[in-house]
C-alpha cells in the first residue's frame with residue numbers, strides 16, 4: 001500500500017518555501033522512494049502545489065483565479081489517483097494551504113473516502129499566534145487586503161485555533177497518522193525547517209545533498225512600508241478582487257513599493273506591542289494547552305515558548321499615517337514609477353536598436369515561429385488588431401507582423417504577455433535572436 005502524505009499548509013508557516021524545496025529536489029526525493037507531483041500539465045497541479053485537489057473535493061472556488069470553474073471537477077481527482085497508481089515511488093506528497101483554509105470535517109471525510117486505498121499521513125505546522133498575526137498582516141498588505149488588528153477580530157480567526165482544526169483531522173485519520181510540528185527554529189530537527197520536514201519522511205538531510213530555495217517569497221517588509229500599503233488598500237484593488245480589471249496593475253504598484261529602497265524604517269514585528277502580544281497569546285492559551293496536552297503529550301500544557309516574548313523595547317510606532325505623510329509618499333511613489341518606466345523604455349530601445357539591424361530571419365525560422373505560436377495559442381489576433389490600429393489598416397497578417405517586426409517595436413501579442421518587460425528581464429535573447437514569445441513558452 002502506498003503512503004500519501006498530505007501537507008496542510010497552515011498560513012504563515014513557509015508553506016511556499018517547503019513546496020519550492022520539494023520541487024527543486026525531485027531527483028533526491030525519487031532516490032528516497034518519494035514522489036512530489038509538479039507537472040503543470042496535470043489538472044491537479046498549479047505552480048508547484050495542489051490546490052485543485054482541494055477544490056475538486058470541496059466544490060468551492062479558488063478566490064484569486066479567474067478560471068475558477070476549471071478546478072471544480074471530479075476528473076481532477078481521477079487523474080491524480082490514476083497517476084499515483086502508476087508511479088514507481090511508494091511515498092507521495094501533496095501540499096496546499098487550501099487544506100487548512102477551505103476544509104470542514106465533511107471535506108476531510110470526503111478526502112479519506114477518495115484516498116481510502118492509500119496509507120494517508122497528515123503533516124501540519126503551527127506557529128505562535130502573535131507571530132502568526134504579524135505574518136498574516138504582512139501578507140494582507142502585500143496583496144491589498146484589509147486586516148483588522150482589533151483583539152475582538154483576532155479572537156475570531158479560525159485558522160489560529162489550532163486545536164479545533166487539528167482535532168478534526170485526527171478524528172478522521174487517527175492520532176498516530178497526524179504529525180504536528182511547531183514552527184520554530186528551536187523546535188525543528190537540526191534547527192532547520194527542510195531537515196525537519198524531510199525527517200518526517202524518514203530522510204536525514206545530513207547525509208543528503210539538496211538545493212535550498214532563497215527565502216524571497218516571504219521576505220519581510222519594513223514597518224513604514226506596511227503602514228503605507230495598509231492605507232493604500234483603501235484606494236487600490238486587492239489581488240483577489242477578480243472582478244476588478246485593475247487588480248493586476250494595482251498589484252504592480254504595490255510591488256514597486258515593496259521593492260523600493262525607501263521607507264525601510266522600523267521592524268514590522270513591532271506592529272504589535274509587548275502587551276498586545278501577551279493579550280493574543282492569552283486569547284488562544286486554552287486552545288493551545290489542549291493541543292499540547294492531548295496530542296503532543298506535554299504535561300505542562302505549553303505549546304509554544306511564551307518566555308521568548310520579551311519587553312526589551314516597547315516601541316511607540318504610529319498605527320496610521322497622517323494625511324500629509326501619506327500624500328508625500330504618494331508623490332514619491334509616482335516619481336519612482338515614472339522614472340522606472342522611463343528607464344525601462346530607454347533600455348528596451350537601446351537593446352532593440354542594437355539587434356534589429358543584425359537580425360534577418362530565414363524562411364524556415366519564420367515558418368517555425370508562426371507554427372509554434374499558432375499551435376500553442378500564444379497570439380491573440382483580435383487583441384493585436386484592436387490595440388494597434390496601424391497594423392489593422394495595412395491588412396497584413398498580424399501574427400506575421402509580430403514575428404518579423406512587432407516584438408522589436410515592443411508590441412504585445414496578447415493581454416497576457418508584455419514583450420518589453422520580458423526582453424528586459426531576459427537579456428540573453430539579444431544573443432540568441434529568439435522570439436520572446438517562443439522563448440517564454442519553451443522555458444516555462
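Just to verify a result, which residue in the range 415-439, among those that are more than 24 Å from the chain's Cα centre (by Cα) and not in a helix (DSSP H, G or I), is modelled with the highest pLDDT?
Filtering first and then ranking leaves 435.
Right, residue 300: modelled with pLDDT of 85 or more, surrounded by fewer than 13 Cβ atoms within 10 Å (Cβ to Cβ) and not assigned by TED's automatic domain parsing to the domain that holds residue 159 or not?
Judged against the criteria, residue 300 is a match.
Name the single residue, out of those in the range 293-304 being touching a helix residue (DSSP H, G or I) at 6+ places or on another chain (Cβ under 9 Å) and in a helix (DSSP H, G or I), that is nearest to residue 182 (Cα to Cα).
295
State all residues of the range 59-93 that are out of contact with any strand residue (DSSP E or B) (no Cβ under 6 Å at 6 or more places or on another chain), buried (at least 20 other Cβ atoms within 10 Å of the Cβ) and at pLDDT 70 or above; if no residue qualifies, say none.
76, 80 - these are the residues of the range 59-93 that are out of contact with any strand residue (DSSP E or B) (no Cβ under 6 Å at 6 or more places or on another chain), buried (at least 20 other Cβ atoms within 10 Å of the Cβ) and at pLDDT 70 or above.
Condition test on residue 98, is it at pLDDT below 90 and surrounded by 15 or more Cβ atoms within 10 Å (Cβ to Cβ)?
Spelling it out, residue 98 is indeed at pLDDT below 90 and surrounded by 15 or more Cβ atoms within 10 Å (Cβ to Cβ).
If you check residue 288 against the conditions, is it in contact with a helix residue (DSSP H, G or I) (Cβ under 9 Å, 6 or more places away or on another chain), at pLDDT 85 or above and within 30 Å of residue 175 (Cα to Cα)?
So residue 288 passes the test.
So, in the range 397-408, of the ones that are in contact with a helix residue (DSSP H, G or I) (Cβ under 8 Å, 6 or more places away or on another chain) and not in a helix (DSSP H, G or I), which residue ends up nearest to residue 440 (Cα to Cα)? Give the derivation first.
The initial filter retains those residues of the range 397-408 that are in contact with a helix residue (DSSP H, G or I) (Cβ under 8 Å, 6 or more places away or on another chain), namely 398-404, 406-408.
Restricting the remaining residues to those that are not in a helix (DSSP H, G or I) gives 407-408.
Working: 407: 13, 408: 16 Å.
Checked the range 397-408; the qualifying residue nearest to residue 440 (Cα to Cα) is 407.
Of everything in the range 154-178 that's touching a residue at least 40 places away in the same chain (Cβ under 8 Å) and in a loop (DSSP other than H, G, I, E, B), which residue is surrounded by the fewest Cβ atoms within 10 Å (Cβ to Cβ)?
Out of the qualifying residues, it is 155.
Residue by residue through the range 179-229, note down the ones that are within 30 Å of residue 333 (Cα to Cα) and part of a loop (DSSP other than H, G, I, E, B).
Matches in the range 179-229: 214, 215, 216, 217, 218, 219, 220, 221.
Residues being surrounded by fewer than 22 Cβ atoms within 10 Å (Cβ to Cβ) and part of a helix (DSSP H, G or I): count how many of those fall in the range 1-19.
2
Given the options 351, 378, 385, 330, name the one that is at pLDDT below 85 and in contact with a helix residue (DSSP H, G or I) (Cβ under 7 Å, 6 or more places away or on another chain). Can you show your working first?
Working: 378 fails: at pLDDT below 85; 385 fails: at pLDDT below 85; 330 fails: in contact with a helix residue (DSSP H, G or I) (Cβ under 7 Å, 6 or more places away or on another chain).
Checking each option against the conditions leaves just 351.
Scanning the range 25-37 for residues that are over 14 Å from residue 211 (Cβ atoms) and in contact with a strand residue (DSSP E or B) (Cβ under 9 Å, 6 or more places away or on another chain), which turns out surrounded by the fewest Cβ atoms within 10 Å (Cβ to Cβ)?
So the residue we want is 33.
The values are calculated or read from the model by the stated rules, or taken from the named source; none is laboratory data. What you see is a predicted model; the values in this text were computed from it and never measured. Neighbour counts run over all protein chains shown; Cβ positions are idealised from the backbone, glycine included.
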